[in-house]
Every structure is written in structure tokens, then in C-alpha cells.
Amino acid sequence: MKVPRLHPDTIEEVRQRVDIVDIISEYVVLQKRGRDFKGLCPFHNEKSPSFSVSQDKQVYYCFGCGEGGNSYKFLMEIGKQSFAEVVLDLARRYQIEVKTVEPEQRKEIQRQLSVREELHLILSVTASFYQHALHQSQGELALIYLLEQRNLDETTINSFQLGYAPAGWETLYRYLVETKRYPVNFVEQAGLIKPRKNGSGYYDVFRDRLIIPIADLKGKIIGFGSRSLRDEDQPKYLNSPETPLFNKSKTLFALDKARTSISRSDCAVVVEGYFDAIALHEAGIDNVVASLGTAFTQDQLKQLLRFTPSKKVILNFDADHAGKKATERAIAEVEDLVYSGVVQLRILNLPDGKDADEFVKSRDDGAVMYFQALENAPLWLDWLINRLLADKDLKAADEFQRAAAGMIKLLNKLQDANQRNHYLTHCAELLSQGDARLLLQNLTTLKSQTRSVRPKYHHNSSYKEKRNTSASPKFTVASTPESELLEQAEELLLRIYIHCPRYRDKIIDRLEDKNLLFTLAHHRFLWQQIIAIEDELPERSFGDTNPLLRELHNHSLDFPATMTGVTQLFNLDEKTQEDVFRADIRIDEAIASLEQVNYQKREIYCNQQLQNLNPTTDLELMKYYLEEIQTAKKAIVKLEQIRLNFSQDPVL
């Protein structure tokens, strides 16, 4: 039907009743910032929130793309609907009487809006029917299952309106259509019956099953979940089909009962199954919802985040292999929100592979222990890192490589610089396995392979994300810390010297002051080429900002074999651009690294000499080498601390 012209009274009443924060919170995770709310703009891709919502003014505005307006404008843009369609949807949602400019159309509009109420009524009557059947002889097996196998009390059974669907093929159909006289098309729309393939009538969707009603935020029933009572009846769990009221990917079981507790505790717990949620509620842990057995979705997460100011959510899926895979899928499904730091997501795997229902009932203090487990639940990233390291032998090069590559992929998705730096150090510590010599080297290597965190703005209409999926990131095992440290330090100095003319004098001064040389053959050859080129270059090269780089490219053609190992220094990528940008700090870090390598070599040399000395004849010489070793050790510790300070310079 064509949408009619709406009366101004209806438009104004809807406008007054609508709260823009409630409307936008269904699409955007909003966080309180002073008097307003902020979030990631839904109209363009961004990493840092620039989308602002004013509850006082009932307007929104994005400082990134310039989109702005009121509730009507937001819904028109987000849903690609007309103004009249948006007003009609809001009128239905807020149960506002619809007036039209043409009075004859009013009756038809009201009829359309009343369909949903009719479906709600049918589902409510059905729930009462199932509840009644549970306490009849035909429902005895289902009631025994609830009381004895699930150990639920009558109060809980009644609170969650648990019921039983009789075994007959048309029992509910006859009750609703023939006895209660509800239109058959409405009963079908409610997802309760299906037409037979031969066209001879309808049959019940739920038969001989335990029934769990599913409600919306207001407590109105919108669908049903069910469980088979016999092993041969499959599937074990069956939900209502998609209906005008029920969409399982956007619905959370028990949210109507948990919302107040979630707000009070500032934390939401998500479990896998209906009975996990029911058991926890019965145990007094009532900030719990269930994900209806589907993958946890962004729509479900956004619903939860409306009720927890700090955006804290704990996923407690089963601890078996399937449950852990489900947890990984759930994190992947909502990764835009978790990697951006919008959500405080934690993961709880209960010991001995127990689900929440089993855990709280396995001991008298099960509820207390569950509360403690929630308090100690690790952050999602710690959980993923632990999964990467599970059953891996980091002393084996291939397993080390896989673990490190997995860490780099995770780190590259983090969008907060402080969080990135924290986990860089944490991952380096895990990979170093307690070896202090490897810690700084692994930290440097990890940093070299993680992309910088930079805000990016693209409009949806022109944005195309480019990804390189050809290869996994490579991670060099720091098995010889001194040689790799030397390689990276010399590379760093040469790269800055080539690309930053204003720092060349500083590099030369620091090398001469510390009596340091380029010792690796390919770097020493490049340094010799640089000196030779600079001797021949005129003092000024008009129109050429970096003649040294130009000539180095030419020399690489003259010495292709020798220059192969250093030509990568002639180009800058995202990471090496950061090195150049922080040249002052990176030069000092590299000089400290070269000094440290010299002291490490000195310590090794002195130890080798000690092995060849005779204590009875070479006592003075032994004393000398021991003093040299102690001097070297002190210098190494000091230089490591200097380098650590430099390496913790934030990655922007």
C-alpha cells in the first residue's frame, strides 16, 4: 500500500516521544562524554569516534563526514526509508495513534499496525498453552527433566514460563485456529505452524518438545526455543523461524530479565545455552543472557552495550574444542568493536570443560566460585594469545614462527597505540621464554612487523579496502641476539643517513665519539660507497633534494651482486618512515645497540681467554679478564635499559 500523507499532529507526537539516544544506540555503540554521547560514525569508516549525539538537543553530528540531523533524518539515512515510512515505524514502536490527512486511510494504517499486536497476543496465548501442558500427564517427562536433570525449582520454571509442546501433529493448530478462532495466516506468521507440502492443511512446528519462550526487551513473547526429550528426535535444539517479530541474530535470551542487573553491575555475561542462562539466574547471577545457539553477532552485542556504561561484556561459552571455536568466531564477528577498544570484552572458560549450568551445580559454593571466575576472566586478546601458544613448543623453529606470525596478525588489528605497545612487550616476553637477552630483540622484531596506528577516513561510496593475503608475516627467531642486534642497528643508521641529510653530521659525530664502525661486510661496503659519492658531489645540487640517494641507485646497477643486500634501505615503507620521523631517538637507540654489541663481544672474548688460562701461573691475567667481564656486564645492563627506554617510545 502507498504510504499516506501523515497528519502533523502524529509527526509532532512521534517527535516528542522519541529519544535520539535510544534510536541511535540500536545502530551505534555510544559512550557518555560530558553532556553528549560519542561513537563511531555509521555513515563512513573511521577508527576514532567523531560521531556525536546530543540528548539535550535531540540531534546528531559527525565531525568526520559532516552528516547530521534528528531522529527522523538518521533513520531515513540508515534504513534508506522515506520520511513517512520512518514516522509510521516509530508510531508502531511507541504505540501512537496514526492520523492521516485523508481520514479514509486511517483505518487501513491502524489495521497494519495492529498485526504485530495480534502476533504478540497469539504467542502469549501459546506460551500459556505450553505451560499448562507441562503440568499435565503428557508433559510428565518434560517436567521430570526440568526438576531432576536440570535441578530447577518450580519458581524458576514459572518465572521463565517453561512449557511442553504435545506430541500431536496438529494439537496447537486445533487449539489456536479451531478453538480460539485466530486467523490461520496470523498463526503461520507467528512461526507456530507450517503448511503441508501436499496442501492439505497445517502441522505444528514444535512437537513433543520442552519449550523455552523468548521475549523482547519489554517482556513480550516473540518466539520460542525448544529441546528434544529423546535422543532420536533431532535437531536437539530448535528455534522459531524468522517472523515479523523474531530474528534470532538480533535477539538475546533473557535480556528482558537481565537488563536491570546488567546496568547495576555494569557488566553483561553471555553464555551459549538457554539452560546455562536459566541456571545462573536461579543461582542469583542475573546479569546473564544467552545467544540462542547462533554465532554472537554485532547486533546482539550492541543491544547489550546499551545497558553497561563501561561496555564490559564477558563471553562464557563452553570450554571444549567446539566452545573455544565458537568463542573465536564470536570475537571475529564483533572484531570491529573489540579491536577499536569500544568494548571491554573478556573471555571465561570454566575448568574441566564444564558449562555454566554444570559448574554452579557441581558444588555448594558454585555461585561464589562462578563470581570469582568472572572477576578473573582474561581480556579477549590475552585469551587469543594463550590460544596461539597452547600446545606449542617455542624451541621448535616452525612452531615459534607460527606463534609469532599469529601474534603479529593480532597486534596489527589493534587501533589503540597504548594497548598496542603494552601487548608488543607482553608478546616479546612470551616469545623470549624468560631469556633476557632475547627480550629486546624480539620486541624490536615485533615492532618492525606491526603497522603503525593511524586514523583513516574513507567514505562508504568510494572506500575499497586493500589487503595483501599472499603471505603470512615472517618473524626472525632471535637465536643469535648479538648478530641480529648489530644488523638492525647498522641498517637503522644507514637508512637515516641516506634519507635524512640534516642528521648526517650527527651520525658521523656519534660514530667517531664512540669509536664505532660498520662491521658487517655489506654495510661496510655501502658506507664506503656513500663516502666516495659524497666526495664527488658538489656542495649544492639545485633541484635535487637528495642527490646521494640518486647516486646510490646508480651504483646499485654498477655493483648488482654486492648491493643486493642493502638496496632495501633505499626505499621507505610505513614502519621505516616512522624511524625517519623519529630520527633523533632512533640514532641514539642504534648507537646504544652498537655499543652493547661491542661489550657483548668483549665479554665473550674475555670468557674464552679465561678458559685457556692456568690458575696457578696466570692469576694476574685471570684477575684482569674477570674485571673486564664485570665492566662489560655493567655496561650491557646500562645500555639495555637505555635501549628499552627508546624501544618503548610509543608507536603512533
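None of the figures in this text is laboratory data; all of them are computed from the coordinates on show. These numbers come from a predicted model, not from an experiment. Cβ coordinates were reconstructed from backbone atoms using ideal geometry, including for glycine residues, and neighbour counts include every protein chain displayed.
In percent, how large is the relative contact order of the chain, given Cα pairs closer than 8 Å and 6 or more residues apart?
Averaging sequence separation for qualifying contacts and normalising by length gives 9 percent for the chain.
If you line up the long axis of helix 504-513 against the longest principal axis of the chain, both from Cα atoms, how many degrees apart are they, to the nearest 10?
60 degrees
Computed FRET efficiency, Cβ-Cβ of Arg451 and Lys220, R0 51 Å: what is it to the nearest 0.05?
0.60
Ranked highest first by the average count of other Cβ atoms within 10 Å around their residues, in what order do 30-37, 81-88, 220-227, 201-208 fall?
220-227, 201-208, 81-88, 30-37
Would you work out the charge dipole size for the chain about its Cα centre, treating the Cβ of every Lys and Arg as +1 and the Cβ of every Asp and Glu as -1, and quote it to the nearest 20 debye?
1940 debye
How much net charge surrounds Arg230 when only other residues with a Cβ under 12 Å from its Cβ are counted (Lys, Arg +1; Asp, Glu -1)?
The answer is 0.
Of Gly366, Asn442, Ser432, which is farthest along the charge dipole of segment 329-446 in the positive direction, counting Lys and Arg as +1 and Asp and Glu as -1 at C-beta?
Sorting the options by dipole projection puts first Asn442.
Once the piece of chain linking Asn386 and Asp56 is laid out straight, how much longer is it, given 0.36 nm per residue of separation minus the C-alpha distance between them?
114.3 nm
So, by mean Cβ neighbours within 10 angstrom, what's the order for 630-642, 125-137, 230-242 with the highest one leading?
125-137, 630-642, 230-242
Determine the shape class of segment 174-293: with a ≥ b ≥ c the square roots of the Cα gyration tensor eigenvalues, call it rounded for a/c under 1.5, and otherwise prolate if a/b is greater than b/c, oblate otherwise.
Verdict is prolate for segment 174-293.
May I ask you to evaluate 6.51 cos²θ - 1.76 cosθ + 1.60, the Karplus curve with θ = phi - 60°, for each residue of segment 430-443 and list the ³J(HN,Hα) values in order in whole Hz, giving x for glycine and proline?
Coupling constants for segment 430-443: 5, 5, 7, 6, x, 8, 4, 5, 8, 4, 5, 5, 5, 5 Hz.
Just going by the charge dipole of the chain, with Lys and Arg at +1 and Asp and Glu at -1 on Cβ, which of Ile144, Gly79, Asn645 is farthest out on the positive end?
Gly79
Excluding same-chain residues fewer than 8 positions from Lys80, which aspartates and glutamates have a Cα within less than 18 Å of its Cα?
Cα-Cα hits under 18 Å: Glu26, Glu67, Asp89.
Once you place label points 7 Å from the Cα toward the Cβ at Val368 and Lys633, how far apart are they in nm?
4.9 nm
Report the net charge of residues surrounding Glu358, where surrounding means a beta-carbon distance below 11 angstrom and charges are Lys +1, Arg +1, Asp -1, Glu -1.
Local charge sum for Glu358: -1.
Please compute P(r) over all alpha-carbon pairs of segment 351-461, binned at 10 Å starting from zero, and give each bin as a whole-number percent.
12, 34, 24, 20, 10, 1
One-quarter of the Cα convex hull surface for segment 290-419, in nm²?
9.2 nm²
Among 395-406, 304-315, what's the highest-first ranking by average C-beta atoms within 10 angstrom per residue?
Taking the mean over residues of other Cβ atoms within 10 Å, the ranking is 304-315, 395-406.
Calculate, axis by axis, the spread of Cα positions in segment 206-254 along the three principal axes, and write the results as whole Å, longest axis first.
Sorted largest first, the three principal extents are 35, 17, 15 Å.
Which percent, nearest 5, of DSSP beta bridges in the chain are antiparallel?
Antiparallel: roughly 75 percent of the beta bridges in the chain.
Over the Cα atoms of segment 261-333, how large are the radius of gyration and the largest Cα-Cα distance (Dmax), in Å?
According to the Cα coordinates of segment 261-333, Rg and Dmax are 11.8, 33 Å.
Hey, what do the phi angles of segment 183-189 turn into as Karplus ³J(HN,Hα) couplings, whole Hz, using 6.51/-1.76/1.60 and θ = phi - 60°, x for Gly and Pro?
x, 4, 5, 5, 5, 5, 4
So which of Lys38/Lys311; Lys506/Lys633; Lys47/Lys409; Lys392/Lys575; Lys324/Lys354 end up more than 22 Å apart, counting from Cα to Cα?
Lys506/Lys633; Lys392/Lys575
Ratio of segment 575-636's C-alpha Rg to 2.2 N^0.38 Å, to two decimals?
Taking the Cα Rg and dividing by 2.2 N^0.38 Å, one obtains 1.65.
In nm, what is the difference between 0.36 nm times the number of residues separating Gln608 and Lys325 and their Cα-Cα distance?
96.7 nm
Taking 0.36 nm per residue of separation and subtracting the Cα-Cα distance, what length does fully extending Gln528 through Asp299 add?
Contour length minus Cα-Cα distance gives 76.3 nm.
Once phi is turned into θ = phi - 60°, what whole-Hz ³J(HN,Hα) does the Karplus curve with 6.51, -1.76 and 1.60 give for every residue of segment 352-362, x standing for Gly and Pro?
6, x, 6, 8, 4, 4, 5, 5, 5, 9, 7
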